[in-house]
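**Q** One structure coming up, written as structure tokens, with questions to follow.
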Amino acid sequence: MKPPFMIREASLPVGFPPPGPVDQVIFKEYPAYRAARVSAAGGEKDAAGSMFRPLFQHIKKNDIAMTAPVEMTYTPDAAGKEAKPVAMSFLYGNPQVGEAARQGDIVVIDHPASTVISVAVRGGYEKGFATGLEQLQNWLSQHPDRYEVVGPPRFLGYNSPFVPWFLRIGEVQLPVKPVSEVQSKSSTGALSTR
């Protein structure tokens, strides 16, 4: 798999696969990672900008190197068409750096290793999220008996606002497990499918 052309502004976290390919649904394996997360304040016009600032201050204060991607959580509007950012996370380059804890509005969280279905998108991030999520949902509808979603979608943005929108690369991802694995673990209570 050849990664798409992109403007690389920061290193990937340890063990993270490169982004891509664009417009093709694939499986990806991610290692455990640590991330600093902040939620958007309700009603903010520039929610992404208001979340970026405290996260940048957090990594600067704690002497943590900037990495790419930035992880974003979106929620669709009432019409289900336009996605609004509700949370943003900066990923630590190494999960051994720092510690999981709350620091004011920032929560540092340890995430377990995961398997996702992923599609890379080019262009504006909010529109890219909606487009990519639709592609993933269409793919899942073609494989209904094989895989089950085991968590919320995420968006990985690889470029800053300084990169022209038409050159930006992002990925929309859904964590999945084979249906047989979900059914056997849920019968023992070891895995929640919600």
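Any read-out appearing in this document is the output of simple, stated calculations on the displayed coordinates, not a laboratory observation. Because the structure is a prediction, the values reported are computed rather than measured. Cβ: placed from backbone, ideal geometry, glycine included. Neighbour counts: every protein chain shown.
**Q** Which residue, R122, R146, R168, tops the fluctuation ranking in a GNM of the chain built on C-alpha contacts under 10 Å?
**A** Among R122, R146, R168, the largest GNM mean-square fluctuation belongs to R146.
**Q** Also: Modelling each spin label as a point 7 Å along the Cα-to-Cβ direction, I'd like the I7/I109 distance in nm, to one decimal.
**A** Once both label points are built, they end up 3.0 nm from each other.
**Q** GluC sites (Glu not before Pro) within region 62-160: which are DSSP loop residues with at most 10 other Cβ atoms inside 10 Å?
**A** Sites meeting the loop and neighbour criteria: E99.
**Q** Still on this structure, I have one more. Using a simple charge model, +1 on the beta-carbon of Lys and Arg, -1 on the beta-carbon of Asp and Glu, nothing else, what dipole does the chain show about its Cα centre, in debye to the nearest 20?
**A** For this selection, approximately 180 debye.
**Q** Given the options D105, D23, D63, state which has the largest fluctuation in a GNM of the chain using a 10 Å cut-off (strictly under) for Cα springs.
**A** It is D63.
**Q** Using a cut-off of 15 Å between beta-carbons, work out the net charge of the residues near Q103 (Lys and Arg +1, Asp and Glu -1, Q103 not included).
**A** On the way: positive: R34, R37, R53, K60, K61, R102; negative: D63, E99, D105, D110.
Net local charge, Q103 excluded: +2.
**Q** OK, next. Ranked by Cβ crowding within 10 angstrom, fewest neighbours first, how are H111, H143 ordered?
**A** Going from sparsest to densest Cβ surroundings: H143, H111.
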